[in-house]
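Notes for the one structure printed next.
The values are calculated or read from the model by the stated rules, or taken from the named source; none is laboratory data. A quick note: this is a predicted structure, and the numbers were derived from the prediction, not measured. Positions of Cβ are backbone-derived with ideal geometry, glycine not excepted, and every protein chain shown enters the neighbour counts. These accessible areas exclude ligands, DNA and RNA; they are computed on the full protein's heavy atoms, side chains included. Shrake-Rupley method; radii C 1.70, N 1.55, O 1.52, S 1.80 Å.
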Amino acid sequence: MKKLLALLLAAGMVMGTGALTVSAFDEDDYDNLDFFEVKETNETLCPGQDYYFETDWEGSPIDDDFFEYYKVSVSVSSDDDDVSSSAVRRRVEKAEFVKNEETGEYFFHFRASMSFSYLENLDAHIMVLAKDKENTDKRSWYEFDLTIGYSDGEISEVVDDSQYNVDNSNPAIEFDEDLKLCRLDFEDGSYYTLRLSTATKFNFGYTNVANQFIVQANPKASLYFLSFYARPRFANEDVFKFKAPADKKYLYEIKQDNTLVLLSEDNNNGYFGFTTRNLGSYVASDLPLRSASTSEGIYSNAAQVSTPSSSASSAPAGSAAALQGIITRNFSNRFVLVSNGTEYGTIDQAATYSVSVSLEGMDAANLYLYTYDGANNRLIQSPNRPKVGADGRLTFTTNTKGYYVVSSGTLAK
C-alpha cells in the first residue's frame, strides 16, 4: 500500500486559503477534454480533519509530468443561492494538490476550518482547471462538491426521555429544558451519557468513513473509524462508550493534521470507555498507530524546515540559526524557537515547560507547537497547544525533546 508518512507539499502547486478563487473562465467557450479526475468522497466531512483524495490522469495517478505539461488552478465557490462563495472560501483552509515523495503520486488535500459554526451542512464546490502550457485552448477541468458538517442543522424533535436512539439521518436534537440526564444510543452501538445544562441543541451526526491518510500511514493495522462531524461540545465531562470490534486493542482521538492521541488500551467486551466533554473523531486499531503524540509523527508540514524570527535562550547558536533560516524561507508565520537539547527524540512521560520569550507580533491566543525532527528534516505538530500564563511566560506540554517551534497559527507556506 502507498505510504503517506512523507507527504509533502508540492512547490508551486499549493493552493492555500488566500489563493482560493472563483473560476474566471467561461466553460461555454471551451470543450472539456476530460483527461483527469479527483476521486472524491460523497460522505459528510468533519471540520478540522485532513482528507487526501486519490487522483487519476488517463489511467494512472497524477505525477510531476502533469504539472510540467499543464498549468493547474483550484477554485472554491458556492452552488447555493443562499450562501455566498466568499462564505464558503472562508471555511475552507486547504484545497490543494500534495505529493507523496515516496511514490511520486499526487493527492488532492482538503480541510475545512474548525473556527466556524453553521446552521446546517455546507457544500463547497471545487473546480480544478488544467490548461495546456503550449496550447491554452486545450483544457480539462474537474468539478465536484464536498459537504462539510457543521454545528446545528434542522431540529428533528424535542427529546424529553432519559434514553434516546439517535437517528443519523436526522441527527440534530433539542432537549427539553427540564431534562437533566439522557443516554444517547448511536446506531453503531456506541452510547454517551449526557448531563444537560443551559445548552439544549446539538448535532450528533457522525460517519464511519475511513480517514485514508491514517489508513495509508498504518498499512498493517486493522482500523475502525467513528467521526462526529459537528463536534458537539457540552458543559460537563461525561462517559462515552465507544463500540468497537473485539480485535481492536487501542483507541485514539484524531486531532487536526491527523495527529493521534491515545485514549484507551482497554477493550472491555467490545467497548472502550473514556470521559469527554465533546465528541470528535476516533479510530480503533488492533495495533499501535504511529502518531506525533506517542512515538513519531505521521504528518510532515514541509519538505524542508527552518527557524524563528525571534528565538528563545537555550538553543545552541549555530544549529538554532540554521533552523531559523529554514523556517523563515519556508513559512510565512511569526514564531519563536525553544529547545530541550538539540536532538529530536521522545521521553517516557510528558513534561510541561515554562519559558520567558518575546511573542511580539504573534497571536498569543492562536499558538501551535512543533518539534523539529532533524534526521528526517520535518516539523511534527503537537496536539497540545501552547498557552501564555498570567505572568506572561509561555507554557507547553510535550513528550518530545529537541528544538521546539512555537508559531502564530498553523504553519503556512
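For the stretch 192-209, state whether one or more residues are modelled with pLDDT under 95, of a type in the set (D, E, K, R) and touching a Gly at 6+ places or on another chain (Cβ under 8 Å). No, the stretch 192-209 contains no residue that is modelled with pLDDT under 95, of a type in the set (D, E, K, R) and touching a Gly at 6+ places or on another chain (Cβ under 8 Å).
Scanning the stretch 211-224 for residues that are surrounded by 14 or more Cβ atoms within 10 Å (Cβ to Cβ) and either modelled with pLDDT of 90 or more or outside any loop (DSSP other than H, G, I, E, B) (or both) yields Gln212, Phe213, Ile214, Val215, Gln216, Ala217, Ala221, Leu223, Tyr224.
Reported count of residues in the stretch 225-274, each being part of a strand (DSSP E or B), open to solvent by less than 50 Å² (accessible area, probe 1.4 Å) and closer than 16 Å to Ser285 by Cβ, is 14.
Those strands (runs of 3 or more DSSP E) of the stretch 26-79 in which 1 or more residues are free of Cβ contacts under 8 Å to residues at least 40 places away in the same chain and more than 30 Å from Ala230 (Cα to Cα) occupy 51-57. Checking the stated criteria, Ala315 turns out to be part of a loop (DSSP other than H, G, I, E, B) and either modelled with pLDDT under 85 or over 22 Å from Lys255 (Cβ atoms) (or both). Looking only at residues that are touching a Ser or Thr at 6+ places or on another chain (Cβ under 6 Å) and of a type in the set (Ser, Thr, Tyr) in the stretch 207-229, which one is nearest to Glu177 (Cα to Cα)? Out of the qualifying residues, it is Tyr229.
Restricting attention to the stretch 398-413, the residues that are assigned to a strand (DSSP E or B) and either open to solvent by less than 50 Å² (accessible area, probe 1.4 Å) or in contact with a helix residue (DSSP H, G or I) (Cβ under 9 Å, 6 or more places away or on another chain) (or both) add up to 10. Tell me whether the stretch 277-288 contains one or more residues that are of a type in the set (Gly, Ala, Ser), assigned to a loop (DSSP other than H, G, I, E, B), on the phi > 0 side of the Ramachandran plot and modelled with pLDDT of 80 or more. Within the stretch 277-288, none of the residues are of a type in the set (Gly, Ala, Ser), assigned to a loop (DSSP other than H, G, I, E, B), on the phi > 0 side of the Ramachandran plot and modelled with pLDDT of 80 or more.
Can we say Asp145 is in contact with a helix residue (DSSP H, G or I) (Cβ under 9 Å, 6 or more places away or on another chain), open to solvent by 30 Å² or more (accessible area, probe 1.4 Å), in a strand (DSSP E or B) and within 30 Å of Lys71 (Cα to Cα)? Spelling it out, it is not the case that Asp145 is in contact with a helix residue (DSSP H, G or I) (Cβ under 9 Å, 6 or more places away or on another chain), open to solvent by 30 Å² or more (accessible area, probe 1.4 Å), in a strand (DSSP E or B) and within 30 Å of Lys71 (Cα to Cα). Tyr150 meets all of the listed conditions (1) assigned to a loop (DSSP other than H, G, I, E, B); (2) surrounded by fewer than 19 Cβ atoms within 10 Å (Cβ to Cβ) but one, namely (2).
If you go through the stretch 192-210 and pick out every residue that is open to solvent by less than 30 Å² (accessible area, probe 1.4 Å) and either closer than 18 Å to Gly280 by Cα or within 27 Å of the chain's Cα centre (by Cα) (or both), you end up with 8.
Just one of the listed residues (Val88, Val83) is among the hydrophobic types (A, V, I, L, M, F, W, C), assigned to a helix (DSSP H, G or I) and touching a strand residue (DSSP E or B) at 6+ places or on another chain (Cβ under 7 Å), namely Val88.
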